[in-house]
């Protein structure tokens, strides 16, 4: 079945394979490792005195908007939580020990069959580090053959693993958009969030992507950088940051990219753990709820995306996936990719909870970046 | 007053309109325009504000523009450099007055 063997745990666990500023919640056996504990922690916060009682559905209804499903555009596939890094803000609780939840070949093929029925024009492959899934290249190749736009959500450092040496050229040959996590264009904040040495390795990985033809300015082989705030505040002005990052990275490191997108951090998983332990959780939720911006609702990713989990379960977004909030059929059972059917999916009710305020705060935050000014 | 510099005054700043709504409205509209992305970026303006906040020693402004600088993509090293610009100008302003002292000494002494 397998077209490659997964990396042995010991190899990924080394700092040589990737920076490790922390360990997964799972490895530390913390209660917050359970999605139900994360939802309970958010629900228990005293926020009822805020606008709309801190109830997301009421906030949306009160703004006169409708969080109804829109035509499906993005087919997001999370191929598993295995990662060579352990970033402190990871909403997936990914890490080198998370080989327990890896998408298998049969489920990957079921995704391809569902993609053909879906009408989606973009496939967003994510993880963990999706490149560590043994079926990654099969999945990407099959999507490219179907003529859809493919995005690889890449942590950059994974490109330096010896087994991935050819990956920049391989992705470039298929015109796969590489969407790279890089919290800051300078070393300090990048390494604070993602671990010592991340910045240097990320720059080296960007150099390899540039050398493979990425960000050459011809509109193909796009490299997109993604920044998350390194702390308990919202993402800043995306356009202004993009200008500064472009100048800074070119001047100081000679690397190029096509665009920068700025995302807010979702108060779940390891970022939730950090908010709790640093005493910032209450104030951060007040910040998100106070910054609710109705203009972000129409562009929310949950409206035009299907998010497939490692085992084929369907979700409205990657965050709901991590919180174990699947899309349900009218009978209450979770939908799966195997019996994906366009009309039934379009009739879903988008599942919401308090974490959703992360996507509607300020300029908004979706997989595609800020939604409003 | 029982306490000066109450933490929630920053969040309640808009209440200053109670005494004169028109001036408050004009001030906040002007303030918003000053900090909009322009010939200087929002990050550059936040760093200037951070330095000035330390010069005028306004605790509200220091909190607000520390957060804003971080939000707009400045890091601790950049923010500390901005602060030292304010410190240098403050110190330099004292020191350059020493020229007045020096001239006075020369004029008055044998």
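The values are calculated or read from the model by the stated rules, or taken from the named source; none is laboratory data. Computed from a predicted structure; not experimentally measured. Backbone-built Cβ (ideal geometry, glycine too); neighbour counts: all protein chains shown.
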Identify the residue in the range B:68-82 that is assigned to a loop (DSSP other than H, G, I, E, B) and within 7 Å of chain A (Cβ to nearest Cβ) and, among all such residues, is surrounded by the most Cβ atoms within 10 Å (Cβ to Cβ).
B:73
Kindly indicate which of A:273, A:286 is farther than 22 Å from residue A:177 by Cβ and buried (at least 22 other Cβ atoms within 10 Å of the Cβ).
A:273
Residues of the range A:334-352 classified as loosely packed, with under 15 Cβ neighbours inside 10 Å and closer than 30 Å to residue A:271 by Cα, total
1
Residue check for residue A:226: modelled with pLDDT of 95 or more and part of a loop (DSSP other than H, G, I, E, B):
no
Search result, residues across the range A:183-196 that are closer than 14 Å to residue A:263 by Cα and either at pLDDT 95 or above or within 9 Å of chain B (Cβ to nearest Cβ) (or both)
A:184
Does residue B:99 meet the test of being away from every other protein chain (no Cβ under 14 Å), assigned to a loop (DSSP other than H, G, I, E, B), without any contact (Cβ under 8 Å) to a residue 40 or more places away in the chain and over 19 Å from the mean Cα position of the chain (by Cα)?
no
Quickly run through the range A:252-269 and pick out the residues that are within 20 Å of residue A:319 (Cβ to Cβ) and more than 14 Å from chain B (Cβ to nearest Cβ).
A:266, A:267, A:268, A:269
Among the listed residues B:65, B:60, B:30, which satisfies the condition of being within 14 Å of another protein chain (Cβ to nearest Cβ) and either exposed (fewer than 13 other Cβ atoms within 10 Å of the Cβ) or assigned to a helix (DSSP H, G or I) (or both)?
B:65
What number goes with the only condition from (1) part of a loop (DSSP other than H, G, I, E, B); (2) more than 14 Å from chain B (Cβ to nearest Cβ) that residue A:205 does not pass?
(1)
Which condition number in (1) assigned to a loop (DSSP other than H, G, I, E, B); (2) more than 14 Å from chain B (Cβ to nearest Cβ); (3) under 28 Å from residue A:34 (Cα atoms) is the one that residue A:231 fails?
(2)
Only one of these is farther than 29 Å from residue A:192 by Cα and more than 14 Å from chain A (Cβ to nearest Cβ): B:105, B:85. Name it.
B:105
Among (1) in contact with a strand residue (DSSP E or B) (Cβ under 8 Å, 6 or more places away or on another chain); (2) within 14 Å of chain B (Cβ to nearest Cβ), residue A:180 falls short only on (2)
Residue match in the range B:14-23 (condition: at pLDDT below 95, within 14 Å of another protein chain (Cβ to nearest Cβ), part of a helix (DSSP H, G or I) and over 28 Å from residue A:183 (Cα atoms))
yes
Being in a loop (DSSP other than H, G, I, E, B), within 14 Å of chain A (Cβ to nearest Cβ) and free of Cβ contacts under 8 Å to residues at least 60 places away in the same chain is the requirement here; does residue B:8 meet it?
no
Among the residues that make up the range A:210-223, is at least one of them away from chain B (no Cβ under 14 Å) and assigned to a helix (DSSP H, G or I)?
yes
Regarding the range A:100-109, can at least one residue be identified that is touching a helix residue (DSSP H, G or I) at 6+ places or on another chain (Cβ under 9 Å), part of a loop (DSSP other than H, G, I, E, B) and surrounded by fewer than 18 Cβ atoms within 10 Å (Cβ to Cβ)?
no
Taking the range A:259-270 on its own, how many of its residues are buried (at least 19 other Cβ atoms within 10 Å of the Cβ) and closer than 30 Å to residue A:212 by Cα?
4
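Listed here are the residues, each with its yes/no results for (1) more than 16 Å from residue A:127 (Cβ to Cβ); (2) assigned to a loop (DSSP other than H, G, I, E, B).
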position: A:11; (1), (2): yes, no
position: A:20; (1), (2): yes, yes
position: A:26; (1), (2): no, yes
position: A:46; (1), (2): yes, yes
position: A:58; (1), (2): yes, no
position: A:70; (1), (2): yes, yes
position: A:86; (1), (2): no, yes
Conditions first: (1) surrounded by 22 or more Cβ atoms within 10 Å (Cβ to Cβ); (2) more than 14 Å from chain B (Cβ to nearest Cβ); (3) in a loop (DSSP other than H, G, I, E, B). Residue A:331 passes all but one, so which condition is the exception?
(1)
Residues in the range B:65-87 that are under 11 Å from the mean Cα position of the chain (by Cα) and at pLDDT below 95 total 0
All positions within the range A:143-173 that are closer than 14 Å to residue A:17 by Cβ and touching a strand residue (DSSP E or B) at 6+ places or on another chain (Cβ under 9 Å)
A:155, A:156, A:159
Looking at the range A:240-251, is at least one residue away from chain B (no Cβ under 14 Å), modelled with pLDDT of 95 or more and in contact with a strand residue (DSSP E or B) (Cβ under 6 Å, 6 or more places away or on another chain)?
no
Residue check: is residue A:199 within 22 Å of residue A:364 (Cα to Cα), within 14 Å of another protein chain (Cβ to nearest Cβ) and more than 18 Å from the chain's Cα centre (by Cα)?
no
